[in-house]
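Student: Here it is, the structure, as structure tokens.
No value in this document is a laboratory result; all are computed from the given coordinates. Note that the structure is predicted; figures quoted are calculated from it, not measured. Cβ: placed from backbone, ideal geometry, glycine included. Neighbour counts: every protein chain shown.
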Amino acid sequence: MKSLLPVLCSLLFVSSAGAQNVPRSCDLEFPNRSGTRAWFREDATGNRNSFWGGGIVAHCIGQGNTLIADSAEYYQAQGTLNLIGSVHYTEPRLTVDSRTMTYYQNDDHLHAEGDVVAVMSNGSTLRGPSADYYRSTPQRPQTRMYAPGRPQVTLVQKDTTGRGKAPDTAHVVANQITMQGDSLVYASGRVQITRPDLVATGDSAFMDSGHDFARLMREPMVKGLGSEPFTLTGGVIDVYSRNRQLERVVATPSGHALSKDLELVADTVDLRIQSNQLQRVMAWGKGRAHAVSPEREIIADSIDAIMPGQRVREVRALRKAYAESNPDSGVVSTQRDWMKGDTIIARFDSLVGTDTASRPRIREIVAEGNASSFYQMKNSRGPQTQPTVNYVRGRIIDIIFEDRKVSTVTVTEKATGVLIEPAADSAAAKPGTTPAQAKPKPPAKPPTGVRR
């Protein structure tokens with residue numbers, strides 16, 4: 001029986017399609033193996049079913065793949081090969097290990113179950129309770145692997161710069177994962193992606209390692225893992241990388257970016273990153289952009305924050321810009337200072353080498369185009385609860401700060417303004433009067449620091 005086994009198997013797997021000289025994508029061949037036992041049965045339709053024990057080896061003739069298992073069953077009518085116990089499948093593209101496996105000959109399709117481990121030729125690995133692998137055929141140019149049951153995938157991205165760097169890895173966990181070809185990954189259901197530079201979550205995700213691109217959908221979130229962490233959420237988040245380094249993350253709609261020094265909300269939020277640190281943040285959209293820092297807020301049609309090393313250096317607010325901030329440290333007031341203009345530019349002291357634990361200090365804020373400004377200063381003559389109030393208007397308003405306090409205010413073209421400095425006895429109004437009824441003395445000279 002053993003000596004006839006190869007001949008019987010080669011005859012066994014020539015179906016009616018083979019008799020008509022129509023080639024199959026996979027003609028199985030079973031080489032002799034010491035200790036292998038075989039049984040054959042013919043059903044009512046004349047098709048033979050075959051059973052092997054004691055170890056089996058099979059492969060598709062001329063295709064470089066191999067199937068190894070403890071035992072196997074082959075059903076000719078269905079063209080299925082069931083492999084049981086310590087199953088190992090190899091081909092130049094990948095290897096698959098599992099407890100059991102079914103090979104569908106007519107479709108070049110493998111179904112593996114039980115502690116499945118699939119390793120691709122590039123080193124990427126899938127682990128899960130089951131997986132379906134569809135081989136490449138003339139009708140199906142790209143391979144495809146589908147894995148349900150919350151599998152885990154480790155994607156290996158090798159260095160393409162020629163610098164000999166060790167490969168980076170991205171770990172993907174989801175309820176279902178589909179891998180197409182060598183670079184495309186589709187994941188759905190509680191997706192979590194972990195890379196050396198970020199952690200991303202969402203209900204579904206698409207990754208294209210060939211183009212260093214990923215998209216997360218349905219309540220996605222990306223957290224940067226650099227020395228200065230940041231978080232981005234939105235309706236859809238696109239992640240762009242180059243040479244295995246994160247470069248850009250875009251959230252739209254309902255974008256929301258948060259870092260230590262800046263919070264930004266807009267229809268679209270675009271983060272530019274280098275060396276795992278934010279370098280620039282842009283926001284725009286129909287719903288207006290809203291930037292919040294620990295000391296001030298800015299609202300405009302679009303906002304561009306330049307922050308090298310994730311330290312805010314300059315914030316530009318364009319079209320119908322409005323900014324408000326806390327008053328000077330020596331001022332006691334329930335109101336905030338504010339500024340309006342077609343464009344507002346805020347500049348900060350955030351030079352490289354400064355104390356990274358402290359927040360950048362405001363150095364200058366400029367409003368251009370139909371500008372107006374309201375700010376408060378410490379009252380030198382009255383009580384702290386009644387600060388000196390400055391209101392100015394002009395085409396351009398430029399405010400210079402020193403130690404977080406207003407130093408000078410320059411108004412250019414069409415300059416108008418008023419300074420109100422409550423007197424020392426203004427708090428002692430007659431009984432029954434209100435602050436609005438107590439008339440302050442008019443200024444005897446133009447507002448301090450305002451040049452017309």
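Student: Rounded to the nearest 0.05, what FRET efficiency do residue 93 and residue 320 give with R0 = 45 Å and r taken as the Cβ-Cβ distance? Could you check?
Tutor: Computed FRET efficiency for residue 93 and residue 320 comes out at 0.20.
Student: Another question, then. Given the stretch 116-268 reduced to its alpha-carbon atoms as identical point scatterers, what log10 I(q)/I(0) does the Debye formula return at q = 0.10, 0.17, 0.18 Å⁻¹?
Tutor: With one equal scatterer per Cα and no solvent, log10 I(q)/I(0) is -0.37, -0.98, -1.08.
Student: Separate question: Stretched out fully, how many nm does the piece from residue 182 to residue 272 gain, at 0.36 nm a residue minus the Cα gap?
Tutor: 29.6 nm
Student: Could you give the length gained on full extension between residue 405 and residue 48, defined as 0.36 nm per residue of separation minus the Cα-Cα distance, in nm?
Tutor: Taking 0.36 nm per residue and subtracting the Cα distance, the gain is 119.3 nm.
Student: Would you mind calculating the gained length between residue 70 and residue 107 on full extension (0.36 nm times residue separation, minus the Cα-Cα distance), in nm to one decimal?
Tutor: Stretched fully, the residue 70-residue 107 segment lengthens by 11.0 nm.
Student: Based only on other Cβ atoms within 10 Å, what is the fewest-to-most ordering of 340, 260?
Tutor: Fewest to most other Cβ atoms nearby, the residues stand as 260, 340.
Student: Suppose R0 equals 35 Å; then what is the FRET efficiency for residue 156 and residue 61 from their Cβ-Cβ distance, rounded to the nearest 0.05?
Tutor: According to the calculation, E is roughly 0.65.
Student: Calculate the FRET efficiency for residue 378 and residue 254 from the Cβ-Cβ distance with a Förster distance of 56 Å, rounded to the nearest 0.05.
Tutor: 0.85
Student: Let me ask you something else. Given a cut-off of 22 Å, name the pairs among 223/286; 260/320; 286/340; 260/340; 223/320 whose C-alpha atoms lie farther apart than that in the structure shown.
Tutor: From 223/286; 260/320; 286/340; 260/340; 223/320, over 22 Å: 223/286; 260/320; 260/340; 223/320.
Student: Run the reach check for residue 414 against aspartates and glutamates, Cα to Cα strictly under 13 Å, same-chain hits fewer than 8 apart removed. What comes back?
Tutor: Correct list for residue 414: 368.
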